[in-house]
Amino acid sequence: SLAAGAALGLRRPSSAPQAAEAEPYFEPLLAPPPVAPSGEVAGGTWTQTAEELQLVLPLPATTRAKNVSCKILPTSISLAVNHDVVLNGRLLRTVVPDECEWAIEGGGEARLLRLTLAKRTPTAGVQHWQSVLAPQ
């Protein structure tokens, strides 16, 4: 009987729903996705998506395509503008050279070089590139 249960200190289970606390196990799944690392390189900036890295570098106002030398191999890059080396070294990870491209955009003081590197292996979260070049 209810009276006997009350005398023993037993309570009837509440039918009201309790506020659910987020379990620590699920917190990484519920957290917003991390922002992909980006930064500065060779006087410009770099950003990335899952499939590619994009470098944006300022250029002298008179720079033309014939003044740019860009050689991209699966594991290295060499970029020179007006015979001055801008970026040279081993890439942090592998790219697909045939899918990489560069273009000159803008004019005058706003002239810039946009270089797109196609990642061989798409990345996400902690797999994203932490830099463009490998540590020396």
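Every read-out reported here was derived from the displayed coordinates using simple, explicitly stated rules and does not represent laboratory data. As the structure is a prediction and not an experimental result, all values here were calculated from the model. As a convention, Cβ positions derive from the backbone with ideal geometry for all residues, glycine included, and neighbour counts pool all protein chains shown.
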Do any trypsin sites (Lys or Arg not before Pro) in region 63-93 lie in a DSSP loop with no more than 14 other beta carbon atoms within 10 Å, and if so, which? 64
Compute the distribution of all C-alpha to C-alpha distances in region 65-136, in bins of 5 Å from 0, and list the percent of pairs in each, rounded to whole numbers. 3, 14, 23, 24, 18, 11, 6, 1
In Hz, Karplus ³J(HN,Hα) per residue of region 89-96 (6.51, -1.76, 1.60; θ = phi - 60°; x = Gly, Pro): x, 7, 6, 4, 9, 8, 10, 9
Between residue 76 and residues 5 or more places away or on another chain, which pairs have amide H atoms under 5 Å apart, with H built 1.01 Å from N, and which residues are they? 91
Two-site label geometry, residue 124 and residue 105: point separation in nm, points 7 Å out along Cα→Cβ: 2.6
